[in-house]
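A.B. asks: Got a structure here, written out as structure tokens. Questions coming.
The values are calculated or read from the model by the stated rules, or taken from the named source; none is laboratory data. Owing to the predicted nature of the structure, the values given are computational and were not obtained by experimental measurement. As a convention, Cβ positions derive from the backbone with ideal geometry for all residues, glycine included, and neighbour counts pool all protein chains shown. Quick note on the areas: whole protein, heavy atoms, side chains included, nothing else; ligands and nucleic acids left out. Shrake-Rupley method; radii C 1.70, N 1.55, O 1.52, S 1.80 Å.
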Amino acid sequence: MAHSGMRFSLVSRELIADSVEASVRGHQLDGILGVGGCDKNLPGLMMGMLRCNVPSVFLHGGSTLPGRLHGQDKTVLDTYETIGKVIAGAASMADVEALSHVCLPTAGACPGQFTANTMGMVGEAIGLSPLGSSMIPAVYAERAPLARRAGKLLMQAVMNGGPRPRDIVTRSALENACAIVAATGGSTNAVLHIPALANEAGIAFDMDDVAAVFQRTPLIGNLQPGGMHLARDLFEIGGAPVILAELLRGGFIDGGIVTITGRTLSEELASAPPVDGRIVWPVAEPIAESGGLVILKGNLCPDGAVIKIAGLKSLAFRGPARVFESEEQAQAAVQAMAYEPEEVLVIRNEGPKGGPGMREMLGITALIYGQGNGEKVALLTDGRFSGATRGMCIGYASPEAAAGGAIGLVRDGDMISIDATPGVARIALEVGEAELAARKVASSVFAQRRLGGVLEKYVAVVGSAAKGAVTHSGGVVWEEDT
């Protein structure tokens, strides 16, 4: 976080998918058992499975357990945000030191509904993962029988000729994936990863398709960062099947999709436990009528931008822009608290091409939240956020500045208005069309510095965030598949 190494995070998703393809096709393997942890391993492995289209089973490696301090659960997010409190004078370095020793007590991915756990649930919702698998903490003994079960399922699929990933991941399955993200206030990164999975399957599915599902799905998971609870807590009441079964009862997902077992999702959910009303709420009395994520559109982001609204007290914001040409510029200003309440902090040139690599900015957003300004300012970027980000933070602005997007035309002091209300969602740069046209004529073409290596290759092929920031045309059909 907060350094140039983050440029390689999203790039690693493509490297992982490519490596799966090279290994499986190069050795003509009959099947794939993939175990992924943390953010990009999960979608990267599933993308590779869909690209190769041999029988495949995916397992999330599981989350860490929370630490304990002063009788309360603590996670890495608490540590990040406490650094912001130190800068604001509301905490001490001793507080950070104490948190750093307890916040990550075991192996595993971050324990909230951040990107890893979100995509783990996606694996179950689309049918590539055994139901009940994604919320088992990494260090729990239940993982051993789960691994044996996954191996048996894979061998059954290999011996029976399927089902194969593209039999499983249909448009309905992708919509189910979007629904569980919305229902749990999941990571904004799912807006990149679900279209990328669709691309591998040869299905046209972009930010607009994601938005339609988000809008019609209620928020029922009371999970961090927008809510109160962690993966361990959800596991203890039955895991992701509790949420999927409740969404199925309400008609919000398609139970007819095929899963890796060869049975339908409805059949697999027949014995799922009921909601508890605390960690998972009933669809008849949801936390919110619409999902925890919203796609914003307007003259500033005509192809869309993403905000997580779960936990936000207000869904509207209006203020003057303070423009930064890079994450480093913004990081320095935030650390120095050189910004004002009611401003919209605009960080550009951080998209898939412009960054390159679309860095996620948990360092900045956690500092702002820790400084007590999480909802006093808004942040807009063509870059990316961590699933742990919260506050009035809008990312994935498309088109990005490097592709000629309007975010590249914003000037200090321009008024920006935001309304994240589901069904209304819009973001507007309050500058006249004639002025914007004049700025566009006067603006210089984005000049990428010489990169070399993997970043140079990535910039040459990566597409828009609105379509998943993918790097190839998708839907590959191999000779042996015909």
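A.B. asks: For the stretch 2-77, which fully contained strands (runs of 3 or more DSSP E) count at least 1 residues that are touching a Leu at 6+ places or on another chain (Cβ under 7 Å) and among the aliphatic types (A, V, I, L, M)?
C.D. replies: By residue number, 32-36, 56-60, 67-69.
A.B. asks: Taking the stretch 62-114, which residues are acidic (Asp, Glu) and under 26 Å from residue 243 (Cβ atoms)?
C.D. replies: Result: 73, 78.
A.B. asks: Which members of the stretch 454-482 meet the condition of being open to solvent by less than 50 Å² (accessible area, probe 1.4 Å), of a type outside the set (A, V, I, L, M) and not in a loop (DSSP other than H, G, I, E, B)?
C.D. replies: 458, 481
A.B. asks: Taking the stretch 53-91, which residues are farther than 30 Å from residue 338 by Cα, of a type outside the set (Ser, Thr, Tyr) and in contact with a Ser or Thr (Cβ under 9 Å, 6 or more places away or on another chain)?
C.D. replies: Within the stretch 53-91, 57, 58, 59, 60, 62, 65, 66, 67 meet the criteria.
A.B. asks: On to the next question. Suppose we filter 147, 125 for residues that are touching a Leu at 6+ places or on another chain (Cβ under 8 Å), of a type in the set (Gly, Ala, Ser) and either open to solvent by 10 Å² or more (accessible area, probe 1.4 Å) or at pLDDT below 95 (or both); which single one remains?
C.D. replies: Among 147, 125, only 147 is touching a Leu at 6+ places or on another chain (Cβ under 8 Å), of a type in the set (Gly, Ala, Ser) and either open to solvent by 10 Å² or more (accessible area, probe 1.4 Å) or at pLDDT below 95 (or both).
A.B. asks: Identify, please: which residue in the stretch 10-31 is touching a residue at least 40 places away in the same chain (Cβ under 8 Å) and of a type outside the set (Asp, Glu) and is, among those, most open to solvent (accessible area, probe 1.4 Å)?
C.D. replies: 15
A.B. asks: Which pairs have Cβ atoms under 6 Å, sit 6 or more apart or on different chains, and link a residue in the stretch 118-141 that is in contact (Cβ under 8 Å) with a residue 60 or more places away in the chain to one that is open to solvent by 10 Å² or more (accessible area, probe 1.4 Å) and among the aromatic types (Phe, Trp, Tyr)?
C.D. replies: Listed pairs, sorted by first residue: 135/235; 136/235.
A.B. asks: For the stretch 261-281, which residues satisfy the criterion of being over 20 Å from residue 154 (Cα atoms) and open to solvent by 40 Å² or more (accessible area, probe 1.4 Å)?
C.D. replies: Passing the criteria: 266, 270, 271, 273, 274, 276, 277, 278, 281.
A.B. asks: I would also like to ask the following. What is the number of the single condition among (1) loosely packed, with under 15 Cβ neighbours inside 10 Å; (2) in a helix (DSSP H, G or I); (3) touching a Leu at 6+ places or on another chain (Cβ under 8 Å) that residue 435 does not meet?
C.D. replies: (3)
A.B. asks: Still on this structure: Check residue 293 against each of (1) open to solvent by less than 20 Å² (accessible area, probe 1.4 Å); (2) in contact with a strand residue (DSSP E or B) (Cβ under 8 Å, 6 or more places away or on another chain); (3) among the aliphatic types (A, V, I, L, M); (4) at pLDDT 95 or above and name the one condition it does not meet.
C.D. replies: Tallying (1) open to solvent by less than 20 Å² (accessible area, probe 1.4 Å); (2) in contact with a strand residue (DSSP E or B) (Cβ under 8 Å, 6 or more places away or on another chain); (3) among the aliphatic types (A, V, I, L, M); (4) at pLDDT 95 or above, residue 293 fails exactly one: (4).
A.B. asks: Then there is this: Name the residue, out of 401, 406, 378, 366, that is over 16 Å from residue 321 (Cα atoms) and of a type in the set (A, V, I, L, M, F, W, C).
C.D. replies: 366
A.B. asks: Can you tell me how many residues in the stretch 321-351 are in a loop (DSSP other than H, G, I, E, B) and open to solvent by 10 Å² or more (accessible area, probe 1.4 Å)?
C.D. replies: Selection size over the stretch 321-351: 12.
A.B. asks: Examine the stretch 236-243 for a residue that is within 30 Å of residue 74 (Cβ to Cβ), surrounded by fewer than 21 Cβ atoms within 10 Å (Cβ to Cβ) and without any contact (Cβ under 8 Å) to a residue 24 or more places away in the chain, and state whether such a residue exists.
C.D. replies: Among the residues of the stretch 236-243, at least one is within 30 Å of residue 74 (Cβ to Cβ), surrounded by fewer than 21 Cβ atoms within 10 Å (Cβ to Cβ) and without any contact (Cβ under 8 Å) to a residue 24 or more places away in the chain, which makes the answer yes.
A.B. asks: Which count do you get for residues in the stretch 167-186 that are over 10 Å from residue 122 (Cβ atoms) and free of Cβ contacts under 8 Å to residues at least 40 places away in the same chain?
C.D. replies: Number of matching residues: 1.
A.B. asks: Within the stretch 184-225, which residues are open to solvent by less than 30 Å² (accessible area, probe 1.4 Å), farther than 23 Å from residue 473 by Cα and part of a loop (DSSP other than H, G, I, E, B)?
C.D. replies: Correct list: 184, 185, 186, 187, 188, 217, 218, 220, 222, 225.
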